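Enquirer: Dropping the structure in here first, questions after.
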Amino acid sequence: MEEYKIVEIKEDIRSRNNEQAKQIKKDLAEKKIFYLNVMASPGSGKTTLIVQLVNRLKDKFRIGIIEADIDSDVDAKTIAEQTGVKVMQMHTGGACHITCQMSWEALLELGLDDVDFVILENIGNLVCPAEFDTGATQNLVLLSVPEGDDKPLKYPLMFEVASVVALTKLDVAPAFDFDIERAKKNIAYRNKDAKVFVTSAVKQEGVDELCDYLTEQITKTIRI
Amino acid sequence: MHELGIVMNVIEQVDNVAAESKVEKVTKVIMEIGEVSTVIPDLFTDAFNWAKKKTNYLKDAELELIILEGMTYCRDCKGTYRTVEFAKKCPHCGSMNTYLVTGDEIKIKSIEVV
């Protein structure tokens, strides 16, 4: 029989990521930067909502955007054309989420000396991105009407890590069996502290309220 | 299918430990996986067996997964219960004021080396 010895490791594979996330949060707090991680399914309206938020907030804060996708730069182009703020496009080359290391490299690439508010548009996915802390100050999760009001029940962790949830595409609600109150109840079931905003980017509804909330939160971070 | 991403992370970490410990090779990797950790053991094993071929020290390594039971604690009645069976609502008192105690682990417990 082959002689072998045992090496104890006893490390959770996410522990390195979590340690690094703490460091990023600390560094960003010192630099007075509010970092918002936007997560949702593909096609839930992340880019559209981000454009509307940025155009309402860009006179108040210096904004930078990180676009994370498996491939292409369509989102970065859209954001750059429609808002004029600085954008960097990151490619994960197949990975379905952003690790803390990728998040940090993207922040450095974007440049942190001339921003107060950085938005990360994470990969469209309700599973993996929730498991890897990006070092963001807060997580904004979108739930669009066509996805159904039951998603918080099906994807627990995504709604547990959210500080804010935006229900999107409310303009098409009549065509779907989507109940706002049921959605709110399902979100509260997962996370009673999550703030919920009901929005329609097309009808420009609810976006101002979300902006007011973000303004308050960003101001808290940058005025400390 | 996020198991591959997690496997790559595990393999990198083990390969580093192996290099630091100056071993010849790793023969076994023992991991603790919580039953509500979102890792599917079969997919994880398949991904491991595919990815280990590209490593320096793990080419012949076997993977052993120890599955840990998910247990939730109730702050109101101080009881515990199996998470998989009852999820967030305490079966003893009906409270939702509960939190997961064990079951979300994705931990490298130890490795066997020669």
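The values are calculated or read from the model by the stated rules, or taken from the named source; none is laboratory data. Computed from a predicted structure; not experimentally measured. Because the Cβ atoms are built from the backbone with ideal geometry, glycine has one as well, and the counts that use them run over all protein chains shown. Ligands, DNA and RNA are excluded from the accessible area calculation, which covers all protein heavy atoms including side chains. Shrake-Rupley method; radii C 1.70, N 1.55, O 1.52, S 1.80 Å.
Enquirer: Applying the Karplus parametrisation 6.51 cos²θ - 1.76 cosθ + 1.60 with θ = phi - 60° to the phi angles of region A:85-92, what ³J(HN,Hα) value in whole Hz is obtained for each residue in order, glycine and proline being reported as x?
Expert: Running phi through 6.51 cos²θ - 1.76 cosθ + 1.60 with θ = phi - 60° gives 7, 6, 10, 10, 9, 10, 10, 8 Hz.
Enquirer: Total accessible area buried between chains B and A, 1.4 Å probe, in Å² to the nearest 100?
Expert: 2200
Enquirer: Then there's this: Could you work out the relative contact order of chain A? I mean the mean sequence separation of Cα pairs under 8 Å and 6+ apart, divided by the number of residues, in percent.
Expert: For chain A, the relative contact order is 25 percent.
Enquirer: Shifting gears a bit: Taking only protein heavy atoms into account and a 1.4 Å probe, give the accessible area per residue of region A:37-96 in Å².
Expert: 42
Enquirer: Let me test this: with uniform point scatterers at the alpha carbons of region A:49-148, what is the Debye-based log₁₀ I(q)/I(0) at q = 0.11, 0.15, 0.16, 0.18 1/Å?
Expert: Each listed q corresponds, in turn, to -0.32, -0.60, -0.69, -0.88.
Enquirer: Report the local net charge at residue A:146: Lys and Arg +1, Asp and Glu -1, summed over other residues whose C-beta lies under 13 Å from its C-beta.
Expert: So the environment of residue A:146 carries a net charge of -3.
Enquirer: Take every DSSP beta bridge whose two residues both sit in chain A, then give the antiparallel share in percent to the nearest 5. Write down the numbers at each step before the final one.
Expert: Working: 1 of 30 bridges.
Given both bridge residues lie in chain A, the antiparallel proportion sits at roughly 5 percent.
Enquirer: Would you grab the residues whose amide H sits under 5 Å from the one on residue A:165? Only those 5+ places off in sequence or on another chain, please, with H modelled 1.01 Å from N.
Expert: A:141, A:195, A:196, A:197
Enquirer: Let me ask something else. Evaluate the relative contact order of chain B (contact order divided by residue number), counting alpha-carbon pairs under 8 angstrom at least 6 apart; express in whole percent.
Expert: 36
Enquirer: Using the C-alpha atoms of region B:8-51, what convex hull volume per residue, in cubic angstrom, is computed?
Expert: With only Cα atoms used, region B:8-51 gives 82 Å³ per residue.
Enquirer: Next question, about the same structure. Mean residue ellipticity at 222 nm from the helices of chain A, using -39,500 (n - 2.57) per DSSP H segment of n ≥ 4 over the full residue count, to the nearest 500 deg cm²/dmol?
Expert: It comes out at -11500 deg cm²/dmol, rounded to the nearest 500.
Enquirer: If I compute solvent accessible area with a 1.4 Å probe over the protein chains, what percent of it on the protein assembly as shown is carbon and sulfur?
Expert: Here carbon and sulfur together make up 50 percent of the probe-accessible area.
Enquirer: Let me ask something else. If each DSSP helix of 4+ residues adds -39,500 (n - 2.57) and the sum is divided by the residues in chain B, what number results at 222 nm, nearest 500 deg cm²/dmol?
Expert: Numbers: 3 runs with 33 residues, N = 114.
Helix-only estimate at 222 nm: -9000 deg cm²/dmol.
Enquirer: Additional query: Averaging the inverse of every distinct alpha carbon separation and then flipping it gives the Kirkwood radius. What is it for region A:16-222, in angstrom units?
Expert: 16.9
Enquirer: Need the full-extension length gain, residue B:12 to residue B:96, defined as separation in residues times 0.36 nm minus the C-alpha distance. One decimal, nm.
Expert: Length difference between fully extended and current span is 26.3 nm.
Enquirer: Here's another thing I want to ask about it. Assigning unit charges at the beta carbon (Lys, Arg +1; Asp, Glu -1) and nothing else, what dipole magnitude in debye, to the nearest 20, does chain B show about its Cα centre?
Expert: 240
Enquirer: Please report, in debye to the nearest 20, how large the charge dipole of the protein assembly as shown is about its Cα centre when each Lys and Arg carries +1 at its beta carbon and each Asp and Glu carries -1 there.
Expert: For this selection, approximately 880 debye.
Enquirer: Per residue of B:4-10, count partner chain C-beta atoms within 10 Å of its C-beta, then hand back the mean as an integer.
Expert: 4
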